[in-house]
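The structure under discussion appears below in the form of structure tokens.
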Amino acid sequence: MKILCIIDSLGSGGAQRQLVELAKGFKERDHEVSFLIYHDINFFRSELDRACIPIILVKESNYFKRILKIRKEIINTKPNAVLSFLEGANFMTTLAGFPYRKWNLVVGERSANPNIMKSLKLQLYRWMHLFTSFVVANSKANMKIVKKVNPLLTDNKCKVIYNFSTMDYKELNENKLHKEKTIVTVPASYRKVKNLDGLIEGVNLLEENYRKKLIVNWFGNKEIEGGSIYFKNAFSKIKEYNLEEVIILKDVSNDIYSEYEKSDYIALLSHFEGFPNVICEAMMLGKPVITSRVSDLLEIIKENENGFTCDPTSPKSIKSSFQKAIDASDNMREQMGSNNLEIAHRFFNKNKIIDAYLNLLNSNNE
């Protein structure tokens with residue numbers, strides 16, 4: 001099968017990472033795979049180059065002309081199926097199929113953004129799903145929002161497929177638990193939705209003896225719209241609260257897995273998510289997590305069993321989750337990590353998820 005994957009760019013986001021990994025998985029199954037992007041951002045380009053997956057770049061600032069160029073590239077590629085991720089790419093890819101198309105079209109919803117209900121443009125994007133073959137969401141919460149916006153979407157057309165992780169527990173099995181300091185890694189971009197503000201306020205509420213036992217390493221991309229300003233404001237607040245030795249802000253890492261290895265916990269405190277890659281990866285590595293109560297996470301992360309959860313809007317709740325994480329014994333942390341590994345193999349198995357996408361891409365359902 002000839003498969004074309006379409007997304008805005010090869011930037012460092014979770015959707016980009018997931019689509020790149022899917023493309024590599026399709027290629028490993030001997031399918032002919034190519035990529036199309038329309039922003040020249042190349043964090044993951046080397047991954048596709050190593051897999052010998054060709055990349056088509058459509059450079060066009062005019063929105064209408066861009067859609068026409070995307071349509072032309074799709075026709076020239078002659079795919080059997082197109083897999084598109086993210087709302088802008090989904091919208092343009094769907095329009096590129098008008099007035100008719102010869103390819104199967106699967107679009108991926110990646111974020112359970114509650115603002116969809118407040119925006120006519122975002123709602124229009126979801127109504128366009130009527131002209132696709134299948135709509136895939138990476139969480140039940142995400143799909144619930146999509147179907148609320150567009151009640152004409154049938155259950156047969158709508159599928160929930162969780163993200164998968166390529167992490168291998170054996171790679172990081174030798175890490176030693178930390179005694180003096182609890183190290184928490186947060187891999188998240190510098191955007192308001194990722195809730196660095198809430199983390200700072202929550203940690204600031206910790207008593208001094210707890211702050212002395214904690215290091216939070218935040219790895220994020222500042223090269224996004226508003227990212228540098230958000231970073232500067234957060235850094236100023238960290239200095240104001242004298243938390244420079246507790247919360248350390250860093251650039252996005254090309255080797256985040258080695259940072260995971262050094263960590264006692266992986267955390268994500270977002271205000272909303274589809275289903276975060278970060279949590280999938282942490283669980284596949286047998287790491288306990290600290291996470292906000294969003295998306296489907298409450299179905300998977302159980303308090304004191306495999307992690308700690310918090311209300312992202314409440315600094316007191318964030319403080320409590322970090323305090324419990326610091327207090328947890330080595331035995332408890334190990335058990336939570338083992339529980340996560342077991343759960344991850346059930347929900348985030350790479351082969352099962354690639355099979356699920358291939359079944360949709362190869363389907364004749366319209």
Being at pLDDT 95 or above and out of contact with any Gly (no Cβ under 8 Å at 6 or more places or on another chain) narrows Phe322, Phe308, Phe275, Phe347 down to just Phe308
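Here is a yes/no grid of residues against (1) surrounded by fewer than 17 Cβ atoms within 10 Å (Cβ to Cβ); (2) basic (Lys, Arg):
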residue: Gln18; (1), (2): no, no
residue: Leu36; (1), (2): no, no
residue: Arg50; (1), (2): yes, yes
residue: Glu60; (1), (2): yes, no
residue: Ile74; (1), (2): no, no
residue: Leu86; (1), (2): no, no
Can you confirm whether region 295-302 contains a residue that is over 30 Å from Ile145 (Cα atoms) and part of a helix (DSSP H, G or I)? no
Of (1) closer than 26 Å to Asn233 by Cβ; (2) in a helix (DSSP H, G or I); (3) modelled with pLDDT of 95 or more, Trp127 satisfies every one except (1)
Reported set for region 188-247 where residues are hydrophobic (A, V, I, L, M, F, W, C), within 23 Å of the chain's Cα centre (by Cα) and assigned to a loop (DSSP other than H, G, I, E, B) is Ala188, Ile224
ask   = Looking at this structure, is Ile41 surrounded by fewer than 20 Cβ atoms within 10 Å (Cβ to Cβ), within 18 Å of the chain's Cα centre (by Cα) and of a type outside the set (Ser, Thr, Tyr)?
value = yes
Selection from region 236-257 of residues out of contact with any helix residue (DSSP H, G or I) (no Cβ under 8 Å at 6 or more places or on another chain) and polar (S, T, N, Q) yields Ser236, Asn242, Asn254
Handout entry: Verdict on Met128 being in contact (Cβ under 8 Å) with a residue 24 or more places away in the chain and buried (at least 17 other Cβ atoms within 10 Å of the Cβ)
Key = yes
Result of the Cβ filter at 7 Å on region 230-242, keeping first residues that are in contact (Cβ under 8 Å) with a residue 24 or more places away in the chain and more than 11 Å from Leu199 (Cβ to Cβ) and partners that are β-branched (Val, Ile, Thr) and part of a helix (DSSP H, G or I), at least 6 apart or interchain, is Tyr241/Ile200
Checking Ser253, Ser270 in turn, the sole residue that is outside any strand (DSSP E or B), among the polar types (S, T, N, Q) and modelled with pLDDT of 95 or more turns out to be Ser270
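The values are calculated or read from the model by the stated rules, or taken from the named source; none is laboratory data. The structure displayed is predicted, hence computed values, not measured ones. Please note: Cβ atoms are built from the backbone with ideal geometry, for glycine as well, and neighbour counts cover all protein chains shown.
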